[in-house]
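What follows is a single structure, written as structure tokens, with notes after it.
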Amino acid sequence: MSYRVPEHVHARPVQGEVMILDTRSNRYLGLNGTGAAVWAVLAGGGSNADAVADLTTRFEVTPETAEADVMRLLEELLRLGLIISAAP
Amino acid sequence: MVVLPKHITVLPVCYRHSILFGLGVTSELELPLRQSFGPAQVEVVFGHVVAEGVLLFQTDDPHQFACYQQGHAVIVVWSGIRFEVAPERVVVDAEDHDTAAHLLVSAVWSVVLAAHQRESLHGSAVEHKGHTVAILGASGSGKSTAAHALIKRGWRLVSDDLLTFDADLRVVPGPPWMRFLPSHGDAWSGTPDAGGKVRVQPPVSSHPAPIAAIVIMAPEHQRCVRLSGTSAAAALLQQVYNPLLTHPGQVHRRFDLVHALVDRIPIYGAAPRSLSVDQLVRISQETIA
């Protein structure tokens, strides 16, 4: 499944991390380096499997750990409405 | 010399022209600012202001502070004084003009700046050889004291308490004074102003200067450390001068301002009242180098 960033969410890369503005809740959020890597894949239309593959390439992490991290972050991003399914 | 007929009297000039945080002002209310000339973007007039509209915020004691949205204007009520703030006009409804002037040039002006699409942070800035160090922090964190310590080393004041920026991210000069509680020591002797503080008038920098470094004094920083990325952004967002959202687009402008500062300026965190003058000088020298 692929995802996209809804119109009310604005993100900016900053020194390897990501600042996020949610204009629906008027909240600012931040993602650390690992979160920023996952965000870049998902916000670019990639799938969670793509994000797992990207993490295992960039960081010294097993596929199992990477998958657990991606799924945990994805769940949180979906819950906060910062990312939504790109499915029609 | 012009000789006037006896029935003509020259009235005193009631409009005073000055510049406050980069905005030209003409004012019926006497403001403790140097007079200047040039185009005025904001007119300050006396008038009747009704405290009504959509209540945005009020303190527990409704007579102390309240803020209302009234169409395109924002009504600020503070200590019984009412201000109606629109981008080009501020109406002041006050009997105590000293207190009104004190509130106008600081807290109320942050709303005027917001009406002009400019955000502001809570801090002091001092300049030396064309470079500015900004010291941010809550009231009592020691930012003005630290800034004044640098001034005693030959630095010049750019702004105290409220910081705002031009399009090139330079700190815009504020009123030419610093304010201290009389209890801070004999260096701040004098008659307290309407806000209960003593004014000190140090050498000032009258032109915007690029920022060399920002130091944020807050309890969460145990020691002086360089902040980066989202940690720096979060620390800066806590220093927004007036957290209320009074004008459209403010959340975006704060986001853009903080992102630009984190992206371009070295940002440090330090515990309140923890930095010596030497440390501040060292930070500025390191970052300029």
Exercise for the section: Among what's in region B:112-132 and is at pLDDT 95 or above and of a type in the set (Val, Ile, Thr), pick the residue that is nearest to residue B:201 (Cα to Cα). Expected result: B:126
Fill in the blank from the handout: Within region B:236-266, residues in a helix (DSSP H, G or I) and touching a residue at least 60 places away in the same chain (Cβ under 8 Å) come out as B:236, B:250, B:253, B:254, B:257, B:260, B:261, B:264
Handout entry: Answer from B:114, B:134, B:107 - the residue that is under 18 Å from residue B:247 (Cα atoms), surrounded by 21 or more Cβ atoms within 10 Å (Cβ to Cβ), in contact (Cβ under 8 Å) with a residue 12 or more places away in the chain and of a type in the set (A, V, I, L, M)
Key = B:114
Fill in the blank from the handout: Given the conditions (1) modelled with pLDDT under 95; (2) more than 23 Å from residue B:192 (Cβ to Cβ), every one holds for residue B:98 apart from (2)
Problem - region B:96-129, residues that are part of a strand (DSSP E or B) and under 11 Å from the mean Cα position of the chain (by Cα) - result: B:120, B:121, B:122, B:123, B:124, B:125
Problem - Test for residue B:282: is it surrounded by fewer than 16 Cβ atoms within 10 Å (Cβ to Cβ), within 21 Å of the chain's Cα centre (by Cα) and more than 14 Å from chain A (Cβ to nearest Cβ) - result: no
Practice task
Return yes when residue A:70 is closer than 30 Å to residue B:249 by Cα and β-branched (Val, Ile, Thr) and no when it is not.
Solution key: no
Problem - Residue list for region B:253-267, filter: among the β-branched types (Val, Ile, Thr) and within 10 Å of another protein chain (Cβ to nearest Cβ) - result: B:258, B:262
Exercise for the section: Mind listing just one residue for me: the one in region A:1-36 that is at the interface with another protein chain (Cβ under 7 Å from one of its Cβ atoms) and among the hydroxyl-bearing types (Ser, Thr, Tyr) and, of those, nearest to the chain's Cα centre (by Cα)? Expected result: A:28
Exercise for the section: Output the qualifying pairs, or none if there are none: Cβ atoms under 6 angstrom, residues six or more apart or on different chains, first residue in region B:207-224 and closer than 27 Å to residue B:22 by Cβ, second residue of a type in the set (Lys, Arg) and assigned to a loop (DSSP other than H, G, I, E, B). Expected result: B:208/B:170; B:209/B:170; B:210/B:170
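Okay, residues lined up against (1) out of contact with any Cys (no Cβ under 9 Å at 6 or more places or on another chain); (2) modelled with pLDDT under 95; (3) surrounded by 15 or more Cβ atoms within 10 Å (Cβ to Cβ); (4) within 14 Å of chain A (Cβ to nearest Cβ):
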position: B:238; (1), (2), (3), (4): yes, no, yes, yes
position: B:245; (1), (2), (3), (4): yes, yes, yes, yes
position: B:251; (1), (2), (3), (4): yes, no, yes, yes
position: B:269; (1), (2), (3), (4): no, no, yes, no
position: B:272; (1), (2), (3), (4): yes, yes, yes, no
position: B:286; (1), (2), (3), (4): yes, yes, no, no
Handout entry: Some residue of region B:142-163 being within 18 Å of residue B:21 (Cα to Cα) and either assigned by TED's automatic domain parsing to the domain that holds residue B:55 or β-branched (Val, Ile, Thr) (or both)
Key = yes
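The values are calculated or read from the model by the stated rules, or taken from the named source; none is laboratory data. In this text the structure is predicted, and so the values were computed from the model without any measurement. Virtual Cβ from ideal backbone geometry, glycine too; neighbours counted across all protein chains shown.
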